Amino acid sequence: MYKGARVAVVVPAYNEEARIGDVLDTMPLFVDLVVVVDDSSDDSTAPVLAVYAERLGTRLAVRRHARRAGVGRAIATGYQVALQHDADVVAVMAGDGQMAPTELATVLDPVVEGRADYAKGNRLFTGEAWRRTPKVRYLGNAFLSLCTKIASGYWHVADSQSGFTAISRAALEALDLDGLYPRYGYPNDMLVRLNVLGARVADVPVTPLYGIGERSSMRIWRVIPPITWLLLRGFLWRLGQRYVIRDFHPLVFFYLWGALLFVAGFGLGAFETYLKLTTGAIAVATVVLAALLVTSGLHLLLFATWFDMEYNRSLRVGEPTGLTARARPAVLRPPDVPAATGERARE
Ligand SMILES: Nc1nc2c(ncn2[C@@H]2O[C@H](COP(=O)(O)OP(=O)(O)OP(=O)(O)O)[C@@H](O)[C@H]2O)c(=O)[nH]1
Ligand SMILES: [Mg+2]
């Protein structure tokens with residue numbers, strides 16, 4: 001138990017024979033249940049887990065997928081097991097030990113204190129990330145973080161690929177866990193889905209841990225294209241859900257019309273450039289039109305972004321309310337119902 005809440009930690013593991021023991025040995029004692037989801041690792045992760053199952057008894061639950069289903073699928077399975085075991089708040093820590101157990105409490109706090117429905121570690125706060133993180137990882141993460149801000153509407157959140165998270169029972173129960181993206185894009189998909197549910201998200205500073213013997217199977221350049229496509233689909237789905245179906249805001253038309261004008265202007269400009277380079281001739285009126293389309297498109301896109309940021313302002317972390325994660329089914333509160341004390345009701 002932690003601050004009155006029953007805590008579970010989901011640990012996805014694929015070929016983590018070298019690291020999983022350490023993760024279980026250093027798991028804080030206030031954690032009531034650890035759910036390790038092993039995707040049929042072909043190293044000796046399973047025998048290592050069998051030893052720990054003996055030692056930890058009911059405090060450890062091990063689940064195994066018949067074949068590798070992806071880290072996102074593994075976490076969804078872990079969440080379902082944690083719900084079955086009555087957890088009030090569920091955290092995720094990787095099986096390769098890249099999350100400091102000493103920082104678990106700081107990730108749990110916003111959710112356990114009722115200030116947020118979902119909290120995630122942010123390795124960029126410390127300012128050490130550039131020095132400690134492999135550069136390719138850092139740049140890939142920075143690109144995906146920007147795309148995730150736009151797609152999810154959580155403009156205050158960065159380090160979108162961080163897998164160190166905590167979520168309230170109410171938020172988990174509202175999510176379609178079987179629909180969660182099964183592979184490395186799951187944290188991005190999660191943020192889009194949580195935004196549509198009106199969940200409050202906290203970004204918590206954590207330490208980036210690399211060079212600790214982890215062997216990552218993630219190839220950043222291979223995961224960026226599918227995740228970007230996932231985010232584009234998620235963005236359009238979110239606009240439809242939040243600003244047309246569940247509520248209405250004209251910003252959805254600002255986004256669509258702005259994108260159309262911008263692309264049309266950009267296309268016309270590119271065509272004029274091509275004509276200039278091939279024939280030397282240029283139609284001034286067309287160039288002016290292209291510039292006009294691009295600038296007005298950009299204006300509309302920037303206004304849409306601004307409206308989207310304002311609309312999602314109430315989903316940033318609010319003041320402590322002292323209610324536990326279980327007792328505060330905040331996540332399904334419709335956007336126009338004023339928040340409980342401590343959160344600024346939207347004008
Ligand atoms: N069950 C399961 N776990 C997985 C799978 N893929 C990765 N994992 C685990 O998920 C955790 C994170 O995966 P990593 O490959 O380390 O990815 P990452 O930590 O985001 O990337 P790095 O920052 O480079 O380490 C690790 O503990 C892996 O063992 C999978 O398909 N199934
Ligand atoms: Mg890792």
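What is the residue count in the range 56-69 for residues that are open to solvent by less than 60 Å² (accessible area, probe 1.4 Å), in contact with a helix residue (DSSP H, G or I) (Cβ under 8 Å, 6 or more places away or on another chain) and closer than 14 Å to Val10 by Cα?
Of the residues in the range 56-69, 3 are open to solvent by less than 60 Å² (accessible area, probe 1.4 Å), in contact with a helix residue (DSSP H, G or I) (Cβ under 8 Å, 6 or more places away or on another chain) and closer than 14 Å to Val10 by Cα.
State all residues of the range 206-249 that are free of Cβ contacts under 8 Å to residues at least 12 places away in the same chain, away from ligand 2 (no atom under 16 Å from the Cβ) and in a loop (DSSP other than H, G, I, E, B); if no residue qualifies, say none.
Once the filter is applied, which keeps residues that are free of Cβ contacts under 8 Å to residues at least 12 places away in the same chain, away from ligand 2 (no atom under 16 Å from the Cβ) and in a loop (DSSP other than H, G, I, E, B), the range 206-249 yields only Phe248.
List the number of the failed condition for Gly97; all other conditions in (1) more than 23 Å from Met190 (Cβ to Cβ); (2) out of contact with any strand residue (DSSP E or B) (no Cβ under 9 Å at 6 or more places or on another chain) hold.
Among (1) more than 23 Å from Met190 (Cβ to Cβ); (2) out of contact with any strand residue (DSSP E or B) (no Cβ under 9 Å at 6 or more places or on another chain), the lone unmet condition for Gly97 is (1).
Considering every residue within the range 44-55, establish whether at least one is touching a residue at least 40 places away in the same chain (Cβ under 8 Å), more than 16 Å from ligand 2 (Cβ to nearest atom) and surrounded by fewer than 21 Cβ atoms within 10 Å (Cβ to Cβ).
no
If the requirement is being in contact with a strand residue (DSSP E or B) (Cβ under 8 Å, 6 or more places away or on another chain), closer than 28 Å to His156 by Cβ and more than 16 Å from ligand 1 (Cβ to nearest atom), which of these qualifies: Pro205, Pro250?
Working: Pro250 fails: in contact with a strand residue (DSSP E or B) (Cβ under 8 Å, 6 or more places away or on another chain).
Result of the check over Pro205, Pro250: Pro205.
When the residues of the range 121-140 are filtered to those that are open to solvent by 20 Å² or more (accessible area, probe 1.4 Å) and either closer than 22 Å to Ser314 by Cβ or touching an Asp or Glu at 6+ places or on another chain (Cβ under 9 Å) (or both), which remaining residue is farthest from ligand 1 (Cβ to nearest atom)? Can you show your working first?
Step one: of the range 121-140, the residues open to solvent by 20 Å² or more (accessible area, probe 1.4 Å) are 123-128, 130-132, 134-139.
Next, from what is left, pick out any that are either closer than 22 Å to Ser314 by Cβ or touching an Asp or Glu at 6+ places or on another chain (Cβ under 9 Å) (or both): 123-125.
On the way: Arg123: 9, Leu124: 13, Phe125: 16 Å.
Ranking the candidates gives Phe125 first.
So, of the residues in the range 204-213 that are out of contact with any Leu (no Cβ under 9 Å at 6 or more places or on another chain) and of a type outside the set (A, V, I, L, M, F, W, C), which turns out to be most open to solvent (accessible area, probe 1.4 Å)?
Taking the candidates together, the pick is Gly211.
Being away from ligand 2 (no atom under 16 Å from the Cβ), within 15 Å of Pro187 (Cα to Cα) and at pLDDT below 95 narrows it down to one residue among Ala142, Ala166, Ala171, Ala151; which is it?
Numbers: Ala166 fails: at pLDDT below 95; Ala171 fails: at pLDDT below 95; Ala151 fails: at pLDDT below 95.
Answer to the selection: Ala142.
Evaluate the following for Val89: is it at pLDDT below 95 and in contact with a helix residue (DSSP H, G or I) (Cβ under 7 Å, 6 or more places away or on another chain)? Lay out the reasoning, then the answer.
On the way: at pLDDT below 95: no; in contact with a helix residue (DSSP H, G or I) (Cβ under 7 Å, 6 or more places away or on another chain): yes.
The answer is no for Val89.
Mind counting the residues in the range 12-22 that are within 12 Å of ligand 2 (Cβ to nearest atom) and open to solvent by less than 10 Å² (accessible area, probe 1.4 Å)? If you could, list the steps in order and put the result at the bottom.
Start the filter on the range 12-22 by keeping residues that are within 12 Å of ligand 2 (Cβ to nearest atom), which leaves 12-16, 19.
Narrowing the set further to residues that are open to solvent by less than 10 Å² (accessible area, probe 1.4 Å) leaves 13.
So the count comes out to 1.
Looking at the range 72-90, is at least one residue within 16 Å of ligand 2 (Cβ to nearest atom), under 19 Å from the mean Cα position of the chain (by Cα), open to solvent by 10 Å² or more (accessible area, probe 1.4 Å) and aliphatic (A, V, I, L, M)?
No; the residues of the range 72-90 include none that is within 16 Å of ligand 2 (Cβ to nearest atom), under 19 Å from the mean Cα position of the chain (by Cα), open to solvent by 10 Å² or more (accessible area, probe 1.4 Å) and aliphatic (A, V, I, L, M).
May I ask you to verify whether Met99 is closer than 23 Å to Arg169 by Cα, in contact (Cβ under 8 Å) with a residue 24 or more places away in the chain and not assigned by TED's automatic domain parsing to the domain that holds Met218?
It is false that Met99 is closer than 23 Å to Arg169 by Cα, in contact (Cβ under 8 Å) with a residue 24 or more places away in the chain and not assigned by TED's automatic domain parsing to the domain that holds Met218.
Can you tell me how many residues in the range 214-263 are under 30 Å from Glu16 (Cα atoms) and open to solvent by less than 60 Å² (accessible area, probe 1.4 Å)? Steps first, answer last, please.
Applying the first criterion (under 30 Å from Glu16 (Cα atoms)) to the range 214-263 yields 214-231.
Right, trim to open to solvent by less than 60 Å² (accessible area, probe 1.4 Å) and you get 214, 216-218, 220, 223-224, 226-228, 230-231.
Counting residues in the range 214-263 that are under 30 Å from Glu16 (Cα atoms) and open to solvent by less than 60 Å² (accessible area, probe 1.4 Å) gives 12.
The values are calculated or read from the model by the stated rules, or taken from the named source; none is laboratory data. These figures come from a predicted structure and were not determined experimentally. Neighbour counts are summed over all protein chains in view; Cβ atoms, including those assigned to glycine, are modelled from backbone coordinates with ideal geometry. These accessible areas exclude ligands, DNA and RNA; they are computed on the full protein's heavy atoms, side chains included. Shrake-Rupley method; radii C 1.70, N 1.55, O 1.52, S 1.80 Å.
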